[in-house]
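What follows is one structure encoded as structure tokens, with my remarks underneath.
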Amino acid sequence: MPCPAFEDLILEYCEDGLAAAQRGRVEEHVAECPACRAFLELQRELDSALREAIGKPEPSAAFHQRILRRVASEAEEPRSWVPLILDAVGYSAIAALGSVVIQVSFTPAQFAWLMMGASAIFLWWLSWQSLREGL
Ligand SMILES: [Zn+2]
């Protein structure tokens, strides 16, 4: 039986889950404690037996091909600014027309409140768009 204080540390040591300082502690202890050394050797044997029995999981060849195709198609896709500029022109025209219509039908104070509300909605929409497109 390994020392209780080192049992978990040795298991993590086998999985490369320890920081350098803790690794050093385990190595020092194992060098002078036969029970823990035997436990570590047993864990290593179990690990390698398990690895041999199960084998390393590999993605299928089809998966690899799919990734390569997608990367290639995304690289070829031309990125144009024209649709973005047309969108911006269209939205600006609608906003300008809307603000003229609203301006003639409300008092300046009402208009100011409306513009603040519209700006808030626009900012919300803008952040939602960039979130959606992962920008
Ligand atoms: Zn020990």
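Values in this text are rule-based calculations from the coordinates and carry no lab data. Keep in mind it's a predicted model, so treat the numbers as computed, not measured. Positions of Cβ are generated from backbone atoms using ideal geometry, with glycine treated the same way; all protein chains shown enter the neighbour counts.
Miscellaneous remarks
- Calculated FRET efficiency, Ala93 to Ala118, Cβ-Cβ distance, R0 = 25 Å: about 0.95 to the nearest 0.05.
- Under the Karplus curve 6.51 cos²θ - 1.76 cosθ + 1.60, θ = phi - 60°, whole-Hz ³J(HN,Hα) for region 116-133, x wherever Gly or Pro sits: 5, x, 5, 4, 4, 5, 4, 4, 4, 4, 4, 5, 5, 4, 5, 4, 5, 8
- Helical content alone sets the calculated 222 nm signal of the chain at -27500 deg cm²/dmol, taking -39,500 (n - 2.57) per DSSP H segment of four or more residues and averaging over every residue.
- DSSP-assigned coil residues among trypsin sites (Lys or Arg not before Pro) in region 57-135, each with at most 10 further Cβ atoms within 10 Å: Arg79
- Here the 3J(HN,Hα) profile of region 6-17, calculated from phi with Karplus coefficients 6.51, -1.76 and 1.60 at θ = phi - 60°, is 10, 4, 5, 4, 5, 4, 5, 4, 5, 9, 6, x Hz, Gly and Pro shown as x.
- Loop-resident sites, region 57-110, for chymotrypsin sites (Phe, Trp or Tyr not before Pro), counting at most 12 other Cβ within 10 Å (DSSP): Trp81
- Our estimate of slack between Arg79 and Ala62, defined as 0.36 nm per intervening residue step minus the Cα-Cα distance, is 3.3 nm.
- When only alpha carbons of the chain are considered, Rg and Dmax amount to 32.4, 92 Å.
- By the rule of a second cysteine Cβ within less than 4.7 angstrom, the chain holds isolated cysteines at Cys3, Cys14.
- Residue-wise HN-Hα coupling along region 48-55, computed from phi with Karplus coefficients 6.51, -1.76, 1.60 (Hz; x: Gly, Pro): 6, 5, 5, 4, 5, 5, 8, x
- Among 17-24, 29-36, the order from most to least packed when residues are scored by Cβ within 10 Å on average: 29-36, 17-24
- With coordinates expressed along the principal axes, the C-alpha atoms belonging to region 80-132 extend over 42, 21, 8 Å, beginning with the largest.
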